[in-house]
Each structure stands twice: as C-alpha cells, then as structure tokens.
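Beneath this line is the structure, given in structure tokens, with notes to follow.
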Amino acid sequence: MTLPAQAVADVWLLADGADAVLWVADDRRVDGRVPLSLTQPSLLAIPPTLRELRDQGARWGLDQVLVPALAGLLGAALASAARVRLHLDAALPEAWHRCPYEYLRREGQTLHGRLTVSRYDPPAPGPTPLIAPGREIVVLNHLPRTDPEQPWRRALGLAQVIGPAAVGQYLRQADLPHLAALIVVAHGTEDRDDHPFRAADGRSWALPTARGLPPLVILLACGDEDGNLIDLGRQLLAAGARTVIAPLGRPTLTGAGEFLADFLPAWVAGARVDDALGAAASPPAAAGGARRLLLLGAPDLRRQGAEVPHDAWSDERLVSAVQQNDIRALVTLLERLTRRHLLAGESLDGAETTLRRLLGVTPANEPREQWLLGLLSAVEPGLTGNQTRAWVGSLLALLAEAYAQDLIPRCEALREALNTAGVTLTPRMLHCWSRIYYRRGRYGLALRDVARGIRGMARTDPDLQTTDFLGHVLDLAIDLNLPAPARTLAVELDDILAHQHQAGADWQRHKLRDRQARIALRAGELRQALTHFRIKRDEAINHFNRDGVRELAWLLYVAAWLPDAGAGEREEMGVWLGEARAALAHQPDLGAVGAGNFDALYLLRACAAYGWRHADRGALDLVLSCQEPLRQRLFAAHQDPAPPGFCFVFLHLAARAGSLPAPLTLPTWEEIRTAMADHRYFSKLASLAYLLGRSADVQEYLDRFDSQRRLPAGIGFPDWFLEGRLSQWAQLCADRAAYERQVLGGSGGVDVDRLAVSGLLPL
C-alpha cells in the first residue's frame, strides 16, 4: 500500500527552546516554520483524555480542545490534503505526546484514517533505512490456549509464531536485532510495579533489552489508561528499536487480530509503518484494535518491497537517478532538501547550494546549468509545497534569464502565485526573481526586489558579502548607466573576492572582469575595457576550458568603435574578425538555438558593427547571410530582440555610408524599435536613434529610460549600504540623465566618435 505523494501532507511540531513550539510544513496552504510559542497543545485546564473520547463517544472538535494557533494550522493542513502525518518531536514536553489528536473531530468528522500521529519522532536528515526482505517477523504468543480469540493466527504465513512454552527459550537464544519485527501477543498486567506482560501460566514477564531489539516492535497486550505500555515503548526505543506500536488502554483480542490482518500484509509489501497503521485504523470496526494503538519513533520504517518508492531511496540513489533524468527522483530530492533545511532551521538558500553540489552543477558549467534548467522546468508545475516552489522557482528564474527567456512569463506567473499565497522570499530568492525583471527591462521591479532584499538583512549579514547578490546590484547600476556607483560596487566586490579561497571564487573573479569592462565602457574608456576582455578571454580558454567566443565578440565589438585605432589595433581587429568567421562556422544554426543569450548572436552583432565602422563588405555579407533567422528572432515573442536589432541598425548605417548596395530588404527602423521597445531597451534605443539621426526618438527614449531608473514609492536603499552611496538614488539618476541629454540631445548632429567615448555606446 502506498499513497500518492500529493495526497499526504507531512507536518512537524518541534521543540524550540524551553517554552516554545514550532510548526514546520511544506504545503500549498500551510507552510514554513511557524513559531507557536506554546507550552501545551490544549486550551483547556483539564483536556479530555483519550479514554473519554474513545469510550464515552464525546465529539470534541479541534477548535474545542487545541489552542487556536495549533487548531487553525492543523485544520488547514487537513483541508489541503487527503491525509496528514503529524510528527511530534521527541524533545517536546510530555503534554504534546499525550494529547489525543486522532480522537478529535473536524467539521464533525472523525480524524481516524485521515490523521496519523508519530509520537517521540526523532527528526532525521534522510529516510529510515529499509529492512531487507529476508529478515524474519516473529510473533511471541503468550496467550493461554483457552482464550477464544487468538490474534496470532492472523499472522500465519507472514510471521513465525513462537508458542507459550517456547517463548522463554527463544528470547534467551534469539538474535533479536537481526529480526525485521517482533510482535508480542499477551495479556497485560496493567501494573506499573510489575513486569508489563502476563504469561500463559499467570507469571509476569518482560522483554529483554540488553542485547538490542529489532527495528519494529509491536505490543498487543492490555495496558493501563495512563500509558504504562507507552512508557515501555519509549524504553524499547532507547534499547534499539526504531519504531514501536503500543496500546493506550485495552485492545480487544478480536481487534488485535483484525489489526494484524490489515497491518502486516501492507507492511510486508513495503508500506510505511504509519501509512499501514493509518489504513488499519480507518474503519469504525477498528475501535477495539488499531485505533487503540499509538505509533512511537520513526514513522517511515518499511520493508524493502518489490518496488522501493522514491521517498525511501537514499540521497545517493536519488542523485544517481536524477543524473539519468528521472523526474520522480528529482521531485523527491527537491522536497527532501526543503524538509531537511526547514527542520534544521536553516535558510532554504542552502537547499539550492546542496542541490548544485549533489548534481555537480556549478555556475561556471553552462551545459550542466542548461541540463538542470530543463529538469526543473519539467518538475516545477507538479511541486505541491510552497516552500519548495519558492526556492526551486527562484533557481528556475535565475537559469531561465540566462538560457531560456521564453520561460520568463511562466516564472512571473509562479512569482505572482507565491505572492498571493503570502510566501516570504529570502534575499537570495529576491535576487533570483529580480533577474527576470532585469532581463525584460523592468528595472523598477528589479530594483524593488533588490532593495527589499537588502532591507531584509542586517548590516552584518554575511549574505551581503555574497558575490551573486552584490554582482546583481552592480549589473543593475551598469545597465542603468550609473558608472560611479557601479565602480564603487566593483571595488567592494573585488575586495571581497580578494579574501576568498573557497571554490567558486575564481569564477566570480572571472565574471567581475566582464563587469569591470562594461563599467569602463560606461565611462568612455574603450581601451581599458579591451584590456579587461583580453584577460577574461585568456582566463576562459586557459583556466575554465571554455572557447572564449563570448569574449571574442566583445573584443571585436568594442574595438570597432575606437575613434583613433592605430595600425597595430587595426591588424588585431582583422585577426579577431577571422576568428569570428571561424567560430560562426561552428556555431549552431540560429534557427535551432533556444531563447537564451547565445554566442553566435553576439558575434554577428560585432561583425555588423565592424563592417559598418570599417566598410568591410566581407563582415557585412556574413551578417546578411544570417538575415532570415535574425529577422525571426527579432519578432519572436519571448526571445531577446536586442542582438538582431543591433545587427539591422548597423546594416542600415552601412548602407547609408555606401558600404552596401541599395535597396536592402531589411526590417525598418519602426519595426526594429517596436520590437526592442517591447523589451524596454530604451537606453539602447536612444543611442541607436542618435546614430540614425532621429532626434525626436532620442528624446522619447531618454524620457522612458529615466522613468525606468526610478525606485517604486517607499522603496530605497538603506543608508548603511555601501556607506550611503546609493541612498541618494534619485539624485544619482537625475545627474546622469542631464549628462545623457547633453550628449545625445545636443544640436551638433551625429558624432560617432564622440558617442564612442561618451559612455553611451549601445551595449
């Protein structure tokens, strides 16, 4: 018997210090770590006992017995799932374990079969190890033969039965820890001052514990109503049992037999022990049997069946299966990482780190990141927990921004769903989500998330020192054409990296070179930018085992703008152009690549700029040969129109200069700017419009770019961040906007060389 994963919700009540309790869950409606600050579960001075609820037929509801916070959370969990598994931390005070949760009602309906409770449950980082199918199940039967009911008979064929005469000898000789399960069927003494069980001859006896116990021990005997057999069960856990099923009160002999008939076949077939017990307790007829039994210890104990379910697999097995693209294994792994970090009180940001480590996916390995993106895209719609959806969705957004921008609308829809559900996002998650807004030119939303993330941190928060986070703020400053704060951020990031030795720091330094180059371009320092790109390309090829094509595209693009290139520089550009031709011959067909930032597009952009600036017909013809796929990408709904838009503008400029024959069947400026404006590329459009001599368009796009830089009302960077350099955001933007209008909006006509050194190149 197994239940569909989506039919079950797992929730934990954890001890949190001396006087507080935490609720931990991952579900669409009830999720996260909720501090309850409760000392006991009941709101009543004298809560009803299980005996009252059981024998008197009292119909107490959740909200009549439990404190409101607990009743509300448990009720919501029951409303969201077919069944709820409630795990009570072994460290909780005794009142939490004694509370009769299963006997309470919701909306007048019994919770038996819908709510299973594992008491004294030790939170574990992974599943309880499976029990090998070859290990025996043994029933110790100490009932007199005169008893009309003999529950052990319901175990025949599934267990070895030891009769009254042989029990003592068996216990002296048997290797109990090597059994799968030990089932005691006997009368109970119900006497705390005596041994708990009564033999067939009337003598009292107890299980030996000095030599260990099997993983599962089931006690089918009468206990007292105060739980003497529950106390014994805790002792058996301490002696080596992983799970104990013990009665509170007196099960009937008939009920004990029916329990074995329902429970054993399911458990032998591979069901979790709590699932098998919950199913046995479902029918009303189980009132004298399974409903009187409590589960202590590990609830997920199971035998290895014909097919081991994914949730019983080890981390290693799950990872191996995910590497073979097993989607179910990935879902299980993602949910396990969420649970593990929630139970440990750790940030779910660590779940992403752990996932990357287990799967060998580093930011420096683009093919592995693209592989992971494909898997996450496939599993995300089926994830049931909001906490899992939050961290997985943020990682999906981060990867989609780089490699599959057609997924961005889906990511945005997920973000809105999480907002509606009231899920709290960590600064790291906000950073990831910000990337998709950044990619689509929705800088106000990107800035909102970044500023919110920083305001959610303390000044000493180590997350502020993470290169990913600072790097993203730096990227925003560069794209928003704010070179002064960008340079400050770059220095801060460089200083952080200078003190790091851990894995990944070299890659972050490598990424910083790209950012330093773009800052130099924003400052009009083209040769400084070229130096950064030269070093970065050498690193890419010789240190990171990459092809250096992206850096080659930048080198050729930037060099094409040099207003006073010397002979040596022109010769070097010729070499780069030849390398670009060779690289394009080995790039995938443009019509076949996805919606990410692929190198071929940037190579073509560079060739188009070089062909125009240096009247190189060969370079221009190379771009013209890709005209049709470039046109398709320009007008595609969820692909970046900027690289093809740049190419077509440079081709138009080349035609004006006489480097290409007329007429050309290129997309018009109206078509180009409409496509790029849809992605809010207003700063780029302002510079391109300037090159085309369209002064009215320049003013329109400068105005729109200026509005992009505004922070939403009530959102700002705290004064302590970067020593207040970003706290005067509005003034920074106003000063830069005045400079942009001075350069692009003047009356001196088009001056390409002046544009090149102004910091306003289209990037």
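What the table shows:
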read-out	value
Residue count for the range 340-368, restricted to those that are buried (at least 18 other Cβ atoms within 10 Å of the Cβ), charged (D, E, K, R) and closer than 24 Å to Arg546 by Cα	1
Evaluation of Leu590 against (1) surrounded by fewer than 22 Cβ atoms within 10 Å (Cβ to Cβ); (2) aliphatic (A, V, I, L, M); (3) under 22 Å from Ala642 (Cβ atoms); (4) at pLDDT 95 or above (one fails), failing number	(4)
Condition met for Arg153 (in contact (Cβ under 8 Å) with a residue 12 or more places away in the chain, surrounded by fewer than 20 Cβ atoms within 10 Å (Cβ to Cβ), of a type in the set (Lys, Arg) and under 22 Å from Tyr120 (Cβ atoms))	no
Residue count for the range 366-422, restricted to those that are of a type in the set (Ser, Thr, Tyr) and under 13 Å from the mean Cα position of the chain (by Cα)	4
Residue in the range 146-159 that is under 23 Å from Pro196 (Cβ atoms), in contact with a strand residue (DSSP E or B) (Cβ under 6 Å, 6 or more places away or on another chain) and in a strand (DSSP E or B) present	yes
The one condition in (1) of a type outside the set (S, T, N, Q); (2) within 20 Å of Gly759 (Cβ to Cβ); (3) assigned to a helix (DSSP H, G or I) that Leu562 fails to fulfil	(3)
Unique residue being modelled with pLDDT of 90 or more, closer than 17 Å to Leu398 by Cβ and either of a type in the set (Asp, Glu) or crowded, with 19+ Cβ neighbours inside 10 Å (or both) when the list is Arg435, Arg518	Arg435
Residues that are out of contact with any Ser or Thr (no Cβ under 6 Å at 6 or more places or on another chain) and either under 13 Å from Leu111 (Cα atoms) or surrounded by 20 or more Cβ atoms within 10 Å (Cβ to Cβ) (or both), drawn from the range 61-70	Gly61, Leu62, Leu66, Leu70
Asp735 modelled with pLDDT of 80 or more and more than 22 Å from Tyr437 (Cα to Cα)	yes
Lone qualifier among Asp475, Asp468, Asp479, Asp463 - being touching a Phe, Trp or Tyr at 6+ places or on another chain (Cβ under 8 Å), within 24 Å of Gln516 (Cβ to Cβ) and modelled with pLDDT under 85	Asp463
Flag for Leu692 being at pLDDT 95 or above and of a type outside the set (D, E, K, R)	yes
Residue tally, condition of a type in the set (Ser, Thr, Tyr) and within 12 Å of Pro48 (Cα to Cα), over the range 80-106	2
Extreme residue, surrounded by the most Cβ atoms within 10 Å (Cβ to Cβ), among residues of the range 217-235 that are under 17 Å from Ile137 (Cα atoms) and out of contact with any Leu (no Cβ under 6 Å at 6 or more places or on another chain)	Leu220
Ser707 farther than 30 Å from Leu493 by Cβ, surrounded by fewer than 16 Cβ atoms within 10 Å (Cβ to Cβ) and either aliphatic (A, V, I, L, M) or out of contact with any Leu (no Cβ under 7 Å at 6 or more places or on another chain) (or both)	no
Single residue of Leu399, Leu414, Leu418, Leu447 found to be of a type in the set (A, V, I, L, M), in contact with an Asp or Glu (Cβ under 9 Å, 6 or more places away or on another chain) and either touching a residue at least 40 places away in the same chain (Cβ under 8 Å) or within 22 Å of Arg33 (Cα to Cα) (or both)	Leu414
When residues of the range 532-566 are limited to those that are over 39 Å from the mean Cα position of the chain (by Cα) and modelled with pLDDT under 95, the one surrounded by the most Cβ atoms within 10 Å (Cβ to Cβ)	Ala565
Subset tally (residues that are within 17 Å of Leu480 (Cα to Cα) and either touching a residue at least 12 places away in the same chain (Cβ under 8 Å) or polar (S, T, N, Q) (or both)) for the range 678-714	23
Qualifying residue in the range 244-259 (condition: touching a strand residue (DSSP E or B) at 6+ places or on another chain (Cβ under 9 Å), of a type in the set (Val, Ile, Thr), surrounded by 24 or more Cβ atoms within 10 Å (Cβ to Cβ) and in a helix (DSSP H, G or I))	no
Considering residues of the range 638-665 that are in contact (Cβ under 8 Å) with a residue 60 or more places away in the chain and part of a loop (DSSP other than H, G, I, E, B) only, the residue surrounded by the fewest Cβ atoms within 10 Å (Cβ to Cβ)	His638
Thr362 vs. criteria polar (S, T, N, Q) and in contact with a helix residue (DSSP H, G or I) (Cβ under 6 Å, 6 or more places away or on another chain)	no
Odd one out for Val322, checked against (1) modelled with pLDDT under 95; (2) within 19 Å of the chain's Cα centre (by Cα)	(1)
Selection from the range 391-403 of residues that are in contact with a helix residue (DSSP H, G or I) (Cβ under 6 Å, 6 or more places away or on another chain) and not aromatic (Phe, Trp, Tyr)	Val392, Gly393, Ser394, Leu395, Leu396, Ala397, Leu398, Leu399, Ala400, Glu401
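The rows are residues; the columns are (1) exposed (fewer than 14 other Cβ atoms within 10 Å of the Cβ); (2) β-branched (Val, Ile, Thr); (3) over 25 Å from Pro762 (Cβ atoms); (4) in contact with a strand residue (DSSP E or B) (Cβ under 7 Å, 6 or more places away or on another chain).
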{"residue": "Val698", "(1), (2), (3), (4)": "no, yes, no, no"}
{"residue": "Gly716", "(1), (2), (3), (4)": "no, no, yes, no"}
{"residue": "Glu723", "(1), (2), (3), (4)": "yes, no, yes, no"}
{"residue": "Ala734", "(1), (2), (3), (4)": "yes, no, no, no"}
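The values are calculated or read from the model by the stated rules, or taken from the named source; none is laboratory data. Computed from a prediction, not measured in an experiment: that's the story for all the values here. Reconstructed Cβ throughout: ideal geometry from the backbone, glycine too, with neighbour counts over all protein chains shown.
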